[in-house]
1. Does Gly164 meet the test of being more than 18 Å from Ala113 (Cα to Cα) and at pLDDT 75 or above?
2. Give me the pairs: first residue in the stretch 173-195 and of a type in the set (A, V, I, L, M, F, W, C), second residue modelled with pLDDT of 70 or more, beta-carbon distance under 6 Å, and six or more apart or on different chains, which are they?
3. Going by what's in this entry, would Ala12 be described as at pLDDT 90 or above and assigned to a helix (DSSP H, G or I)?
4. Hand me the list of helices (runs of 4 or more DSSP H) wholly inside the stretch 76-165 holding 3 or more residues that are within 16 Å of the chain's Cα centre (by Cα) and of a type in the set (Asp, Glu).
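The values are calculated or read from the model by the stated rules, or taken from the named source; none is laboratory data. Source: prediction; values computed, not measured. Here the Cβ is made from the backbone with ideal geometry for all residues, glycine too, and neighbour counts use every protein chain on show.
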Amino acid sequence: MDEFTATSVHEAGHAVVWILEEEHLGPPAMISALPDGDFRGLVASARGAAWETKEPRVVRAIARMRVAGGVARALAGDKDWHLGIRGDTRALAAMEVVHDLGERYREETIAGAEFMLRTHWGAVEGIAGLLTRLGVLTEPHGIALARAELARRPMRQLAPDFEGLARLVAALQGVPEFSESFKEELRAMLPPAPPAKVVRPPDARSGRPSRSQPRGFRRASGGAIG
């Protein structure tokens, strides 16, 4: 993955979680994949200042938005995803200190961001595509385009395997906003389990086992029970 594409995916990850959490974070003013000073790209707040809050729900939303860029790159298969998240992880560590968050904070934060991105993966791809073509999305029309990508139905999802599903459900079971309905939505992403193979009983008239039984069973079958 080239650097510009990686930046577009990274900022799209931030943007998707931000817009999903807009009730708590306020609207973004700009989503950019273009260099700006020390930043390769950025998502900027319309409020013009960093959030200052002690409200746990808002703190969790900010934390998930912070890590969403790196998580998006990892889900997109970027082998160098960890190289572009130093600032994000520093911000996460600072929040942990400032807000005296619990020992499950990082696990819940990363799992929450992953869940939100997996269930809205089509929006990540859509916004990343807009950034690849346009470079930057600003209010009002650019942000409206980003919201439109989030509103598309059906939304392409990125389903985890069964091991990933178990990991996400276990990590998020104590987070109030990820209620059972969210977990059911995640479970619904998985393909149905294949039907169990039916083994027919022996033919009652012949006393011979059916062909669907394994050979070892047929060899061991007999009239006596030891």
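1. Against the criterion (more than 18 Å from Ala113 (Cα to Cα) and at pLDDT 75 or above), Gly164 does not qualify.
2. As it stands, the answer is Val175/Glu108; Phe178/Leu172; Met189/Gln157; Met189/Ala159; Leu190/Ala159, since those pairs meet every condition given.
3. Judged against the criteria, Ala12 is a match.
4. On the way: elements: 86-99, 105-119, 121-134, 141-151.
Here the list reads 105-119.
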